[in-house]
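The values are calculated or read from the model by the stated rules, or taken from the named source; none is laboratory data. Quick caveat: nothing in here was measured; it's all calculated off a predicted structure. Positions of Cβ are backbone-derived with ideal geometry, glycine not excepted, and every protein chain shown enters the neighbour counts.
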Amino acid sequence: MTSGTLAPPCEARIMDSSAETLTRQDFVSGQTVRWCPGCGDYAILAQIQNTLPTLGIPREKIVVISGIGCSSRFPYYMNTYGFHTIHGRAAAIATGVQLAREDLHVWVITGDGDALSIGGNHFIHTIRRNVNLRFILFNNAIYGLTKGQYSPTSPKGTKTKSTPRGSIENPLHPISLALGTEATFVARTLAADPKHLATVLQKAARHKGTAFVEVLQNCLIFNDGCFDFLEDKTRRAETALYCEDGKPLLFGGTERKGIGLNGFSPKVVAGNDPGVLVHDETNEDPGYAWFLSRLRHPEFPVPLGVFRSISRPVFDEQVRSDVARARAENKLTWDEYLLRRGTWKV
Amino acid sequence: MTISTIEKDAVTIRFAGDSGDGMQLTGSRFSSSSAIFGNDIATFPDYPAEIRAPSGTVAGVSGFQIQLADHDIYTPGDHADCLVAMNPAALKKCLPELLPNALVILNEDAFTPGNIEKAGFASNPLDDGLLGEYRIVLVKITSLTCSATGSLLPRKQAERCKNLFALGLTLWIFGRDTGSTREWIRSKFSKNAAVAEANLAALEAGYSYGETTDLADARYRVAPATVRPGTYAQVSGNEGIALGLVAAAQSARCPLFYGSYPITPATDILHELASLSAFDVTTFQAEDEIAAMCSTIGAAFAGSIAVTGTSGPGLCLKSEAINLAVMTELPMVIVNVQRGGPSTGLPTKTEQSDLLQALYGRNGESPLVILAPQSPSDCYAIAYEAVRIALRIMGPVIVLSDGYIGNGAEPWRIPEPDSMPPIVVRYATDPDTFQPYARDPETYARPWAIPGTPGLEHRIGGLEKQDGSGHVSYDPANHHRMMELRAEKVRRLDAFIPPQDVYGEKEGRLLILGWGGTFGAIRTAAERLRAEGISVSHAHLRYLNPFPSNLRRILSRFEHVLVPEINLGQMASVIRSTYLKEVQQLNQVRGVPLKVAEICARARQILNQGVRS
């Protein structure tokens, strides 16, 4: 039998492909995309396909893992390694992939039902561990693939086939929940704003640890208009708060307004008010990002951008370095080890 | 008075006390000493689900039974020749398990009116004649322990060393020395000299107490067993599983991944593997059973030898994800250390009632391979074999261990280096010929194309796949074909696995057919009956799906087939439906192993009545 310190074959046998320059087209699989025409998923697919070639990561090192739902068909359309798993479990499967292989670059694609309802447990535990993966949540506040039931992010009163008199449940706010689990990277963007989407995905792709991104998107068929107040460009100046690191929290059209403090609560102030807060995505204290996550439509503009981006130990890196240390210190072959476990000879 | 020595070929000893009394430790140390002495041993830890059930009550009694012998034995014994009971409740609980004239050592200090009442005795058992048929030895174990440890520890802590006093005393009675236990205490408490010294003092005090008092009318001597030469270690089934998995991964030169959620009685596998990271073992304590299974699937997708372990309720939670493994045809092992069910059932007790769940407990047609170890020392080989098969056919393999095997321990002969069949992993690498669902013509395995391999980028998932290309397919004929391919992949493994062997005549009147943890009881029963001149054969299945290819022929050569199981007849019904062979049943589902005597009685009954099949 072999020694415990031999390099495993996956390290030994796999070589990187040549450092060819990749383009968006290299990430397009041959599969016909089958989302409804006009679905926000198309924009997200395009932007992720645009982002990947800029990372300098060989295509074969990229793994896209999804759960179940409209968004979860995503891996089939990506010419990378892909895994369309089961409902809610993408993050748990991705954790196994990441623990097994440090050389892989993993994206988890999920939806509001997939990640927050059936997969809620994996959502919080993956983020709190800070597993090195990108967690992209397509939030359209509805169950689409099962033809329109309210989801954990549907606002109270949402009328669907399963809530004919309107939903009575309090919705989850994914950003607040992610921050509650000590997320190291939290961002929100809009499928209808490809430029902003691209910027956020770029930052998420480069984060070490779990990068959680909520992408707000419309469901044309079952929840049309759910984010009209943001998607409508003519209203966006008043309804969106684009947050940029080191810049004041300002919004509004001709009349600029800012976000200030009223005690511990947010308040809208004049744009030139000295109390306008300055965005700080690297703030170690999650309190600021949490405060920001409580800005809700229609009382406040909805923050878009990176809420929090901090550096913390990465779970799978720590696990691997622990194993690597033990292997390096080990002087015994497996057979030698077996003979040292309290044995006797006959 | 001269103390005589009774020569015995086998003795069964039971240690029992409160669940905080350290009886598991006493039992396992005594087992080690006996194994090192050269006896064959078999152990049965029997403890309550509660960590510290109300002290002094029967519900809180933790027991450890061990049989030692001068010959090969397969069970921890039906009834005890010797009991060491630390309180009245332990005595009460074990009374039905004692042989007449058993030696009973009681901690006299614990027989207070309060404890006697708590144990549910109507009057003091020490003077009401209840114990008349036993040889009773009263020892003030608690107070003797405290005076032995002197001022080394405060009284409360000193009392906790009383299990070592009991151990020392028992070692003396059975003529074992205290050397290996002294060594063990020193290394275990190397960071706390006072505790180490106190435990050593208690151990020696117990041993000397036996030597210097007219303690018992007799000591026992059980000669060493004649066993196959080699190097041995005492191993529990759970340890054996862990070691076998690492051995397989080492042979395959692959990292081992073990994703698991704590669950009794399987958690010790996680503990053991967590200590083996030096051999490229990654353990992951997941947030739930589902995540444990899913992380295992992820690790398998990424190229590791991937394993999860659980017990019955966990297997329920994992079933949807196991089906994903069936559909995506990824190699992995799922260890189920069965316990009493349904639901939470009897968490610390043994049972064999997950067979049908393992075979059929998933939606759709979901064939997978099932193996079952037959004893603690068989776990190493079965775990190794499970990995070998999973890699050979690219699919999940369930190992059905049970609480008795998992917690029980026996001497295990460490395999010679290179004596296990080598495991060879072949990842796909050629982009020109690669198809995700192309099959090996012999094994029907699909290629293992792991992320990171240039040119083999592909997508898998739970949706039905097109034969060959692996694209999502809703084609009716393709779905039927894929169902048959997945089933055939498992079925044709019967040509690869070894044929079933039969102990005793290869044909005759009665075959006892067992599987899993009942091996010891059935084999002992068969030996006993055969010694009486009754022709009984025994076949014990380790491969449950597919069955060995010669099983049909074996069954056809016996007039009667008896299937003893710790369930209500699950294997019996599978045998009937697979082979159209009528079988007799023996079913006892009490959370404890089957008794040899019960199997003998049932066998005699079948042979005497001539029950027609």
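Tabulated results
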item	result
First in the stretch B:472-498 and surrounded by 14 or more Cβ atoms within 10 Å (Cβ to Cβ), second anywhere and β-branched (V, I, T), Cβ under 7 Å, 6 or more apart	B:R486/B:V326; B:K489/B:I393; B:V490/B:V369; B:L493/B:V369; B:L493/B:I389; B:L493/B:I393
Answer residue from the stretch B:264-282, given it is closer than 18 Å to B:G408 by Cβ and in contact with a Leu (Cβ under 9 Å, 6 or more places away or on another chain) and is surrounded by the most Cβ atoms within 10 Å (Cβ to Cβ) among those	B:I269
Residue under evaluation A:H196, criteria (1) touching a Gly at 6+ places or on another chain (Cβ under 9 Å); (2) assigned to a loop (DSSP other than H, G, I, E, B), criterion not met	(2)
Scope the stretch A:69-117; condition assigned to a loop (DSSP other than H, G, I, E, B), at the interface with chain B (Cβ under 7 Å from one of its Cβ atoms) and under 24 Å from A:G56 (Cα atoms); matching residues	A:N79, A:T80, A:R101, A:D103, A:L104
Inter-residue pairs, beta-carbon under 7 Å, first within 11 Å of chain A (Cβ to nearest Cβ) and under 14 Å from B:S295 (Cα atoms) and in the stretch B:250-271, second among the polar types (S, T, N, Q) and part of a helix (DSSP H, G or I), 6+ apart	B:F257/B:T296; B:G259/B:S295; B:G259/B:T296
Output for the stretch A:140-177, where each listed residue is touching a residue at least 40 places away in the same chain (Cβ under 8 Å) and in a strand (DSSP E or B)	A:I142, A:Y143
Candidates B:A90, B:A59 - the one that is in a helix (DSSP H, G or I) and without any contact (Cβ under 8 Å) to a residue 40 or more places away in the chain	B:A59
Entirely in the stretch B:215-268, the strands (runs of 3 or more DSSP E) that have 2 or more residues that are farther than 19 Å from B:S304 by Cα and at pLDDT below 90	B:218-222
Matching residues in the stretch B:161-219 - criterion: being over 22 Å from B:Q24 (Cβ atoms) and among the polar types (S, T, N, Q)	B:S208, B:T212, B:T213
Members of the stretch B:260-286 that are small (G, A, S), under 23 Å from A:N330 (Cα atoms) and touching a strand residue (DSSP E or B) at 6+ places or on another chain (Cβ under 8 Å)	B:A274, B:S277
Residue check, B:R362 crowded, with 24+ Cβ neighbours inside 10 Å, of a type in the set (K, R) and modelled with pLDDT of 95 or more	no
In the stretch B:305-341, residue nearest to the other protein chains (Cβ to nearest Cβ) [restricted to those that are of a type in the set (V, I, T) and either in a helix (DSSP H, G or I) or at positive phi (or both)]	B:T328
Residue among A:V278, A:V215, A:V269 that is out of contact with any helix residue (DSSP H, G or I) (no Cβ under 8 Å at 6 or more places or on another chain) and surrounded by 15 or more Cβ atoms within 10 Å (Cβ to Cβ)	A:V269
Helices (runs of 4 or more DSSP H) completely within the stretch B:495-613 that count 2 or more residues being within 30 Å of B:P48 (Cβ to Cβ)	B:519-531, B:570-579, B:596-609
Leading residue by the ranking (nearest to the other protein chains (Cβ to nearest Cβ)) among those in the stretch B:433-446 that are in contact with a strand residue (DSSP E or B) (Cβ under 8 Å, 6 or more places away or on another chain) and buried (at least 19 other Cβ atoms within 10 Å of the Cβ)	B:P436
The lone exception for B:D430 - which of (1) assigned to a loop (DSSP other than H, G, I, E, B); (2) within 14 Å of chain A (Cβ to nearest Cβ); (3) surrounded by 15 or more Cβ atoms within 10 Å (Cβ to Cβ) it fails	(3)
Residue that is surrounded by the fewest Cβ atoms within 10 Å (Cβ to Cβ) [pool: residues in the stretch B:231-249 that are more than 11 Å from chain A (Cβ to nearest Cβ) and touching a Pro at 6+ places or on another chain (Cβ under 7 Å)]	B:S236
Residues (more than 8 Å from chain B (Cβ to nearest Cβ), surrounded by 16 or more Cβ atoms within 10 Å (Cβ to Cβ) and part of a helix (DSSP H, G or I)) located in the stretch A:47-68	A:Q47, A:I48, A:Q49, A:N50, A:T51, A:L52, A:P53
Cβ pairs under 7 Å, 6+ apart, first in the stretch B:279-304 and at the interface with chain A (Cβ under 7 Å from one of its Cβ atoms), second of a type in the set (D, E, K, R) and in a helix (DSSP H, G or I)	B:D280/A:R327; B:I290/B:K318
Filter pass, B:A35 being buried (at least 24 other Cβ atoms within 10 Å of the Cβ), among the small types (G, A, S) and within 14 Å of chain A (Cβ to nearest Cβ)	yes
Failed item, numbered, when B:L568 is tested on (1) farther than 29 Å from B:P396 by Cβ; (2) surrounded by fewer than 21 Cβ atoms within 10 Å (Cβ to Cβ); (3) hydrophobic (A, V, I, L, M, F, W, C)	(1)
Scan of the stretch B:109-142 for residues that are assigned to a helix (DSSP H, G or I) and surrounded by 15 or more Cβ atoms within 10 Å (Cβ to Cβ), ordered by number	B:D109, B:A110, B:N115, B:I116, B:K118, B:I141, B:T142
Residue within the stretch B:86-99 that is surrounded by fewer than 22 Cβ atoms within 10 Å (Cβ to Cβ), hydrophobic (A, V, I, L, M, F, W, C) and more than 24 Å from the chain's Cα centre (by Cα) present	yes
Qualifying residue in the stretch B:541-555 (condition: of a type in the set (V, I, T), in contact with a helix residue (DSSP H, G or I) (Cβ under 9 Å, 6 or more places away or on another chain) and within 28 Å of B:A386 (Cα to Cα))	no
Only listed residue being modelled with pLDDT under 95, among the hydroxyl-bearing types (S, T, Y) and touching a helix residue (DSSP H, G or I) at 6+ places or on another chain (Cβ under 9 Å), chosen from B:T344, B:T348	B:T348
Residue match in the stretch A:118-130 (condition: under 23 Å from B:G461 (Cβ atoms) and more than 13 Å from chain B (Cβ to nearest Cβ))	no
Flag if B:E211 is among the charged types (D, E, K, R), in a helix (DSSP H, G or I) and crowded, with 16+ Cβ neighbours inside 10 Å	no
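Condition check ((1) in a strand (DSSP E or B); (2) under 18 Å from B:D72 (Cα atoms)) across all residues:
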position	(1), (2)
B:T12	yes, yes
B:Q24	no, no
B:S34	no, yes
B:T43	yes, yes
